[in-house]
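The structure appears right after this line, and notes come after that.
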Amino acid sequence: MDNTKKERELVWVQILYLYLIPILLLYYKVIPSSFRILALLLITFFIYGIARYEKWNSEDFGITKDWKSHFLPYLLFTIAGIALLFAVEEIEISSPMLNWWKNARFLLLFIPLSVLQELIFRGVLMNMLRRVFTNKWFIIVLNASLFALMHIIYLKAFFTLPLTFVAGIGFAWIYYKYPNLVLISISHTILNFTGMVLGYFVLR
């Protein structure tokens, strides 16, 4: 068995245990919803540990100094994402988060969660996939699918899963083309904030 095949099998195993099983345990309430933040932190710790064991450098994580040339694409992407959220909100009746500035839990959690999601799905998973697969669109679609699956824990999954899959395609595509963990984390935070305030994401 050649090294590439071994590495590919290892990536599939890591996806199973770090990306699929935890979210299914949360969905079926084997892990109580009150522990979802702790579960995410533990997963992040293990995923980051794997990356450090493999001796990834900062650029492998998408932490680069060349952010100026990436700024405009991420700005346009974020503006398009906000426009999409408002357009879809006209179709889907949602429950906006009124007085969101009084919700301390929301304010304290949504920024760290957005950054952790980008570290897990783009900073680590995207790099893992690019190391063992060569087909650009396979990498993007697989990344987006796993990202969307994470949102199964929210109500109205029939609505949120397609929406987050489309968002995941966008996030994965722009990160594939312009790998910048800082800018994509900022973009994700802005879009998460907009989506939460508009009432898209309500936990089961």
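Any read-out appearing in this document is the output of simple, stated calculations on the displayed coordinates, not a laboratory observation. Just so you know, these numbers come straight off a predicted model, no measurement behind them. Methodologically, a virtual Cβ is constructed for each residue, glycine included, from the backbone with ideal geometry; neighbour enumeration extends over all protein chains shown.
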To the nearest 0.05, how large is the calculated FRET efficiency for LYS68 and LYS177 if R₀ is 22 Å and r is the Cβ-Cβ distance? 0.90
Unit charges on C-beta of K, R, D, E only; dipole of the chain, Debye: 280 debye
Apply 1/(1 + (r/R0)^6) to the Cβ-Cβ distance of LYS156 and GLN14, taking R0 = 30 Å, and write down the FRET efficiency to the nearest 0.05. 0.50
Given the chain, report the % of alpha carbon pairs whose separation exceeds 31 Å. 17 percent
Calculate the spin-label point distance for ASN99 paired with ALA87, positioning each point 7 Å from the Cα along the beta-carbon direction, and give it in nanometres. 3.4 nm
